[in-house]
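Below is one structure, written out as structure tokens, with a few remarks after it.
The values are calculated or read from the model by the stated rules, or taken from the named source; none is laboratory data. What you see is a predicted model, and the numbers here were worked out from it, not measured in a lab. Cβ placement follows ideal geometry from the backbone for every residue including glycine, while neighbour counts extend to all protein chains displayed.
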Amino acid sequence: MQRRRLGRGSIVVSEICMGTMTFGSYCEEDLSARIMDRAYDAGVDFYDTAELYPVPPAEKWVYRTEEFVGRWMKTKPRDSLIVATKVAGPGHGWFRPPVRSGRTALDAHHIRTAVEGSLRRLQTDYIDLYQTHWPDHDYYYEETLQVLDELVEEGKIRYAGCSNETAWGLMKSLWAADKSGLRRFETIQNNFSILCRGFQESLADICQREQVSLLPYSPLAGGVLTGKYNAEVPPAKARFTGYLEGNERSKRIASKYLNSASRAATAELMQLADEVGMSVTTLSVAWSKQFDYVASTIIGATTVEQLEDSLKAADLRLSDEIMRRIDEITEKYPNAVRG
């Protein structure tokens, strides 16, 4: 499996990253370990988690994912793994996270508290990539970057990154790092898929010019690109099937992914994938890592078998003709998924 550099740092990772957000909710520990074992055996050395996981976020199982990953890590040489996790963003806005009584923030107190908790649950003395899970645009980026810089100096993290960030926020953070002489965010983890291409409108240009690596999450658009939601009766245990029966926040998230445009685009992409002799899953993961600003595409799975089509995208480069045909489809259904 090919490897790519994270930003301008020293870390080089597999071009496919194993995402873990379903471990502890949709997947119990034994299954989670088997999924990670299969990824590891296939050459995946990059694993992404968060203090908030698993999803959907809930007090009844929060922190379980890091605990599962930590116990699994003990079965592998630590230096063979690149481990990323995240601190919850501010709890006073769009979402009240089930950690620290929902009063989270990106200040020194909360970041240090979160790091210590993650180190303990992951059973390691350092985190390779530590990310802010979502931004706080009304707080000083210098304050956030200062404590992250200190944690690098202390050896508790190696590099810092951000997630769910905007073009303004990423440029603001880079400016603040330059102005204050602090270490910058080397990565940005955002929603990016064939059906959700908004990242290309401005953030892609920033990543190319500033050498910040994108770590795309949801390359299958939350499973929409597998085609399972195009069935007359969607699978009962599918993620968005459950979300549609959940609270108002869950229903809003599901509506971003499930709509007539996303289903129509998926149908055409399934036909294209069939013509070129691969699954639409393989096509979608291969597409997401086709761009020079992408370091590693984060895949997910709730069974070992689901991994196989995603892993087939490793070392696969789509032809210019296939990329052109994908563009033609997405031009008919622009941003069918609203990230």
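Contact list please: Cβ distance under 8 Å, first residue in segment 324-339 and in contact (Cβ under 8 Å) with a residue 60 or more places away in the chain, second residue of a type in the set (Asp, Glu), pairs at least six apart or on different chains.
Hits for this filter: 329/268; 332/268.
Filtering segment 219-236 down to residues that are in contact (Cβ under 8 Å) with a residue 60 or more places away in the chain and not aliphatic (A, V, I, L, M), which residue is farthest from residue 14 (Cα to Cα)?
222
Would you be able to tell me the number of residues in segment 160-182 that are of a type in the set (D, E, K, R) and buried (at least 20 other Cβ atoms within 10 Å of the Cβ)?
Number of matching residues: 1.
For segment 249-258, name all the residues that are surrounded by 15 or more Cβ atoms within 10 Å (Cβ to Cβ), assigned to a helix (DSSP H, G or I) and not β-branched (Val, Ile, Thr).
250, 254, 256, 257, listed by residue number.
Go through segment 269-324 and give me each residue that's more than 30 Å from residue 24 (Cα to Cα) and among the hydroxyl-bearing types (Ser, Thr, Tyr).
293, 319
Between 279, 288, 284, which is farther than 12 Å from residue 230 by Cβ, surrounded by 22 or more Cβ atoms within 10 Å (Cβ to Cβ) and out of contact with any Leu (no Cβ under 8 Å at 6 or more places or on another chain)?
Result of the check over 279, 288, 284: 288.
Using the structure shown, decide if residue 261 is farther than 30 Å from residue 10 by Cβ, touching a residue at least 60 places away in the same chain (Cβ under 8 Å) and small (Gly, Ala, Ser).
yes
Hey, could you check segment 291-321 for residues that are free of Cβ contacts under 8 Å to residues at least 60 places away in the same chain and among the hydrophobic types (A, V, I, L, M, F, W, C) and say which is surrounded by the fewest Cβ atoms within 10 Å (Cβ to Cβ)?
Looking at the filtered set, the residue picked out is 316.
Give just the number: which of (1) farther than 27 Å from residue 173 by Cβ; (2) within 20 Å of the chain's Cα centre (by Cα); (3) of a type outside the set (A, V, I, L, M, F, W, C) does residue 78 not satisfy?
(2)
If residue 244 satisfies all but one of (1) modelled with pLDDT of 95 or more; (2) surrounded by fewer than 20 Cβ atoms within 10 Å (Cβ to Cβ); (3) in contact with a Lys or Arg (Cβ under 8 Å, 6 or more places away or on another chain); (4) not charged (D, E, K, R), what's the number of the condition it fails?
The one condition residue 244 does not meet is (1).
Just to be sure before I move on: is residue 60 of a type in the set (Lys, Arg) and under 27 Å from residue 185 (Cβ atoms) in the structure I sent?
no
Go through segment 159-248 and tell me which helices (runs of 4 or more DSSP H), entirely inside it, have 2 or more residues that are of a type in the set (Phe, Trp, Tyr).
Where helices (runs of 4 or more DSSP H) fall fully within segment 159-248 and carry at least 2 residues being of a type in the set (Phe, Trp, Tyr), they are 167-180, 239-243.
Can you name the residue in segment 193-234 that is out of contact with any helix residue (DSSP H, G or I) (no Cβ under 7 Å at 6 or more places or on another chain) and on the phi > 0 side of the Ramachandran plot and, of all such residues, is surrounded by the fewest Cβ atoms within 10 Å (Cβ to Cβ)?
Checking each candidate, the answer is 211.
Of all residues in segment 93-122, how many are small (Gly, Ala, Ser), in a loop (DSSP other than H, G, I, E, B) and closer than 22 Å to residue 185 by Cα?
The number of residues fulfilling the criteria is 1.
Would you mind listing the helices (runs of 4 or more DSSP H) fully within segment 259-339 where at least 3 residues are of a type outside the set (A, V, I, L, M, F, W, C) and within 24 Å of residue 50 (Cβ to Cβ)?
Counting at least 3 such residues, we get 280-288.
Quick one: would you say residue 144 is over 18 Å from residue 10 (Cα atoms), over 16 Å from the mean Cα position of the chain (by Cα) and either buried (at least 18 other Cβ atoms within 10 Å of the Cβ) or β-branched (Val, Ile, Thr) (or both)?
Yes, satisfied.
Looking only at segment 121-140, count how many residues are farther than 18 Å from residue 170 by Cα, surrounded by fewer than 17 Cβ atoms within 10 Å (Cβ to Cβ) and in contact (Cβ under 8 Å) with a residue 40 or more places away in the chain.
Number satisfying all stated conditions: 1.
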